[in-house]
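Here the structure comes first, spelled out in structure tokens, and everything after it is commentary.
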Amino acid sequence: MTTLADIDPLRFAVHRAAPRGFAQAYVHESPSAGAGVPLVCVHGWPETKRIYWKVIEPLVAAGFEVIVPDLRGFGDSEIGPDGFHDVASHSADVYALVHDHLGHDSVVLLGGDLGGPIIQDLALRHPEWVDRMVLFNSPLPYLKDQMADIVNTRAPRESADYFFAQGTAPERVMMGLPSPEARTDYISTFYMSRYWAHPGAFTSLPGEVDFHTEPFADAAKLRASFGAYESSFSADARVAPSKIGPNPHTPTLILFGPSDHVLYPAFDQMAAVVFERHTGPFLLRNCGHFVPWEAPHALISGTIAFCSDLL
């Protein structure tokens, strides 16, 4: 159930740091007793740090030091000064913020959607830094031989139009979104009519969808957010190749909201192949793509249990 506090943009203090040459915004909440286990929550598209509003306080109460950044070009963060908004850029930003600026030598990473490839990249790029991961509803590498017997390993074709348009003709998409209202209306379809979420997940309160779409009213930031899609089609949109592949070493909790109409229906089976040291997969009843919002209690309890030896 969504409460008014859940859609209050001022619920948490927003901090800013610029270890990579742009102002990156982030929420940073710690237990009252002192330092907790660093838990970095990485949002996807079309999301901002607000997608984690329901889970921050319970995770802090459980003993986590919760760090929730806005990726470059999203929410309250500035656009990347180099013009890149691909997975490798986001990964480097998160590492610089949490390792270099905040000084954490070991972390738990949590993410889905675009945040999923980012934390996968970090776990392979900095294996000594990432203690474990919580992954949900995320793009995965396709391992042809290992996944040969798994059916439904491709996303539904009818959901791919936005991906192709934003990745190959982003300027044309932006031309069709000339006003703040047009841009937020466009983003609202991903929460409502495109059925990424379980039916009714974003209709508990008036303004619930607006809370998530409002940050995308800014034309320059919406355009920048398409960078991850462009990088799927063009090497010129990538600052460097991302490190996405089989992971034999990082303990990974796999959660899946099966009401998702954009991701591969076999996400859970595929993830179990990619992450050798996996817990789960666990399917979340009446939950779709936006797990932190749709199934906050399951995400909270699962993360706490998975990290119980650290707390």
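The values are calculated or read from the model by the stated rules, or taken from the named source; none is laboratory data. Note that the structure is a prediction, hence the values are computed from the model and not measured. Reconstructed Cβ throughout: ideal geometry from the backbone, glycine too, with neighbour counts over all protein chains shown.
Condition check: without any contact (Cβ under 8 Å) to a residue 60 or more places away in the chain, in contact with a Phe, Trp or Tyr (Cβ under 8 Å, 6 or more places away or on another chain) and closer than 22 Å to His297 by Cβ. Does Glu29 satisfy that?
Values: without any contact (Cβ under 8 Å) to a residue 60 or more places away in the chain: yes; in contact with a Phe, Trp or Tyr (Cβ under 8 Å, 6 or more places away or on another chain): yes; closer than 22 Å to His297 by Cβ: yes.
Yes: the conditions hold for Glu29.
Given (1) in contact with a Pro (Cβ under 7 Å, 6 or more places away or on another chain); (2) of a type in the set (D, E, K, R); (3) assigned to a strand (DSSP E or B), identify the lone condition not met by Lys54.
Condition (3) is where Lys54 drops out.
Go through the stretch 162-182 and give me each residue that's part of a helix (DSSP H, G or I) and either over 25 Å from Asp236 (Cβ atoms) or in contact with a strand residue (DSSP E or B) (Cβ under 8 Å, 6 or more places away or on another chain) (or both).
Pro180, Glu181, Ala182
Being free of Cβ contacts under 8 Å to residues at least 12 places away in the same chain, surrounded by fewer than 23 Cβ atoms within 10 Å (Cβ to Cβ) and not basic (Lys, Arg) narrows it down to one residue among Asp131, Asp145; which is it? Steps first, answer last, please.
Details: Asp131 fails: free of Cβ contacts under 8 Å to residues at least 12 places away in the same chain.
Residue meeting the stated conditions: Asp145.
So which of Gly44, Gly21 ends up being in a loop (DSSP other than H, G, I, E, B), of a type in the set (Gly, Ala, Ser) and farther than 21 Å from Thr303 by Cα?
Working: Gly44 fails: farther than 21 Å from Thr303 by Cα.
None of the others qualify; the one that does is Gly21.
Being under 16 Å from Ala92 (Cβ atoms) and of a type in the set (A, V, I, L, M, F, W, C) is the filter here, so list the residues in the stretch 116-157 that pass it.
Within the stretch 116-157, Ile118, Ile119, Leu122, Ala123, Leu124, Trp129, Val130 meet the criteria.
Can you work out which of the residues in the stretch 185-198 that are surrounded by fewer than 21 Cβ atoms within 10 Å (Cβ to Cβ) and modelled with pLDDT of 95 or more is farthest from Met174 (Cα to Cα)? Step through it out loud before you land on a result.
Quick first cut of the stretch 185-198, residues surrounded by fewer than 21 Cβ atoms within 10 Å (Cβ to Cβ) only: 185-186, 188-189, 192-195.
Still in the running and modelled with pLDDT of 95 or more: 185-186, 188-189, 192.
Values: Asp185: 13, Tyr186: 10, Ser188: 15, Thr189: 16, Met192: 20 Å.
Going through the qualifying residues, I end up with Met192.
Would you call Arg11 crowded, with 24+ Cβ neighbours inside 10 Å and either assigned to a loop (DSSP other than H, G, I, E, B) or in contact with a His (Cβ under 7 Å, 6 or more places away or on another chain) (or both)? I'd like the intermediate steps shown before the answer.
Numbers: crowded, with 24+ Cβ neighbours inside 10 Å: no; either assigned to a loop (DSSP other than H, G, I, E, B) or in contact with a His (Cβ under 7 Å, 6 or more places away or on another chain) (or both): yes.
Here the answer is no, as Arg11 does not meet what is asked.
Looking at Asp6, is it surrounded by fewer than 19 Cβ atoms within 10 Å (Cβ to Cβ), acidic (Asp, Glu) and within 22 Å of Phe190 (Cβ to Cβ)? Don't jump to the end; show me each part of the working.
Values: surrounded by fewer than 19 Cβ atoms within 10 Å (Cβ to Cβ): yes; acidic (Asp, Glu): yes; within 22 Å of Phe190 (Cβ to Cβ): yes.
Considered against the rule, which asks whether it is surrounded by fewer than 19 Cβ atoms within 10 Å (Cβ to Cβ), acidic (Asp, Glu) and within 22 Å of Phe190 (Cβ to Cβ), Asp6 comes out as yes.
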